[in-house]
Every structure is written in C-alpha cells, then in structure tokens.
Amino acid sequence: MMDIVQRNLFRLLRNGAFCTDEQMEAMSAFKWDCLYQLAVMHDVVIYAYEGIQRSKNQFFLHLTDKQWVVWQKAAEEARKGKQTLDEEEDEFLRPDHLTNPMLNHKLQIILDDEHSDTMTRHLLLLIISIVRHILNEGMPIRQLLELGLYLKQQGNKVDFDMLRKWIASLNLSQMSQLEGEFLTLLYGFQKEDIPFMQDKKDKRVEDIAQELLEFTNTRSHDWYFSQDADSIFVHNSNTTAMFSHVRRSARYFRFFPSESVTNFFASFVHSLSHIEE
C-alpha cells in the first residue's frame, strides 16, 4: 500500500495533469520535502507544481514560503529543459529499439512503414518506452502520465485496430494490459479511456505497482559495473541491486518473456560500457 507521500504525489499529478480536484492529506513540512524529492526523481515537477497551484487553497496543503520558492524555481527550470520522447537520459532506454532481435526486426518494419499512421506509431513508442522503463528502471511515473495525456488529447486520431495488431505482433499484449491497469490505478482512468486494454484484470496490480515504486530507488545504474581508477578489478556498484534486477527480470518474464531475457543480458552488456577501457 502506498504511503501518504506517494498518495499525495499522485493526487497532485492527477490534479495538475488531468484537472481533477482531489483533496490532499495533511503532511508535515518534512514530508512535503520528501514529496518534492520524489517529483524531481521521477521528472514530474511540472505536473506536480500545476497540481499544487490548483490545490493551493485546500485546507491541508501547507507549504512554507521557502518550499513555494523551491517548487516555483524547479518548475521553471523543468519547463526550460523538458525532455522529449527522443531525448531519453539513457540511450539504452530508447523506445524505438527492442533487445530481442526478432521483435526488434518487426518493430523496425512498423516504424519504417511510411504509409502507417504517424499518431498510432507515436502511441506505440510511448507504450514501448514504458516497457523499457519497467524492465530496467522501476515505475515509469512520468512516461505513464504522458501516455495518459496522449490518450486524452490525441486518442481520437489513433487507429486502435492497427495498434492492437502491432501490439500482438510484438508480443506486447500483457505488458500493454499492465500499463492500462497502472493508468486506472494511479491516474484514475476508466477502461473505456484505454482502447487497447482488455477486460481481464491482474489481481496483483497494486502489489506490482508498489514493488516498482520501491525499486525505482535502486535505479539500473546502481548495479552497473565499474572500475576503480587505481585498480584493474571490476566491481558492481550495488550487489543487492544487481540481484534485485535479476529477480525482477524473472518476475516480469510472464508479462514479456520474449524480451525479458534478452533485456537482462543486454543490460549487463550495456553496464560494461561503464568500465574504463
């Protein structure tokens, strides 16, 4: 179950991004600092700050003058340096590539088809971006939010029949279903808002979401291998995180078996790039 800081973060995101009017729970100044740190870590400061602005007259929303200044400054800086889908912080996470050679070949055919619908291809990339983050980074809060915004704002321009065919051909059905369930759980979406979502529901979706939220604190770079400047020995930066990554790869195997195994080994090889030649 999410703690109060996480619950209030998602309330702010729903208020800011989707113009809801949810009431905050009372928190101390320290917990508001924790919420700010979460917003920065997940790169959702802009949306959270918009939520704060919409909720500023609520009884339980209490920020110190210093906190207001910090939030405003962070939001302004985030707007200036906002990343796009093609400007991911790590090339390994880019959504136009899958680690499974056969699936990646199919993906490239889809992306190279000049006659296919651009809006539908963009939605497919959003879905794959979230998959890449789930397998490697934990809960993709920003990417899920942007998927939700795209469905709300551009969904009527998408060819969902074609999208469903692409999802099936790339073996993404279970992962896209999980993404849809995250949208309903975290951002208040209804099934009819997510045309690629099926009727079935994973009973463990809340546990899965919490697990991913907790794992985000040990990002994939925590188990990258590195080499000390004065040593020839190679070591990983966080052994516990590495084994956790192994366990998670096995856990999410059932959602995307054809990609999970190759993704783990590709992650391992990618980590070796951190070793000094």
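The values are calculated or read from the model by the stated rules, or taken from the named source; none is laboratory data. What you see is a predicted model; the values in this text were computed from it and never measured. Heads up, the Cβs are rebuilt from the backbone with ideal geometry, glycines too, and the neighbour counts pull from every protein chain shown. Heavy atoms of the whole protein, side chains included, go into the accessibility calculation; ligands, DNA and RNA do not. Shrake-Rupley method; radii C 1.70, N 1.55, O 1.52, S 1.80 Å.
Before moving on, here are some points about what is shown:
- Residue, nearest to the chain's Cα centre (by Cα), within segment 174-197, restricted to residues that are free of Cβ contacts under 8 Å to residues at least 24 places away in the same chain and open to solvent by 10 Å² or more (accessible area, probe 1.4 Å): Thr184
- Taken as a whole, the structure places Ala78 among residues that are surrounded by 15 or more Cβ atoms within 10 Å (Cβ to Cβ), in a helix (DSSP H, G or I), at pLDDT below 95 and not polar (S, T, N, Q).
- Hey, Gln67 polar (S, T, N, Q), in contact with a Gly (Cβ under 8 Å, 6 or more places away or on another chain) and assigned to a helix (DSSP H, G or I) or not: no
- For segment 1-63, the helices (runs of 4 or more DSSP H) that sit wholly inside it and include 3 or more residues that are on the phi < 0 side of the Ramachandran plot and open to solvent by 70 Å² or more (accessible area, probe 1.4 Å) are 29-41.
- Only one of the numbered conditions (1) touching a residue at least 12 places away in the same chain (Cβ under 8 Å); (2) surrounded by 15 or more Cβ atoms within 10 Å (Cβ to Cβ); (3) not small (Gly, Ala, Ser) is not met by Arg121, and that is (1).
Residue-by-condition table, conditions (1) in contact with a helix residue (DSSP H, G or I) (Cβ under 9 Å, 6 or more places away or on another chain); (2) hydrophobic (A, V, I, L, M, F, W, C); (3) modelled with pLDDT under 95:
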{"position": "His115", "(1), (2), (3)": "no, no, yes"}
{"position": "Met119", "(1), (2), (3)": "yes, yes, no"}
{"position": "Leu126", "(1), (2), (3)": "yes, yes, no"}
{"position": "Leu144", "(1), (2), (3)": "yes, yes, no"}
{"position": "Gln154", "(1), (2), (3)": "yes, no, no"}
{"position": "Asp161", "(1), (2), (3)": "no, no, no"}
{"position": "Phe189", "(1), (2), (3)": "yes, yes, no"}
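- Qualifying residue in segment 20-29 (condition: touching a helix residue (DSSP H, G or I) at 6+ places or on another chain (Cβ under 8 Å), over 21 Å from Leu213 (Cα atoms) and in contact (Cβ under 8 Å) with a residue 60 or more places away in the chain): yes
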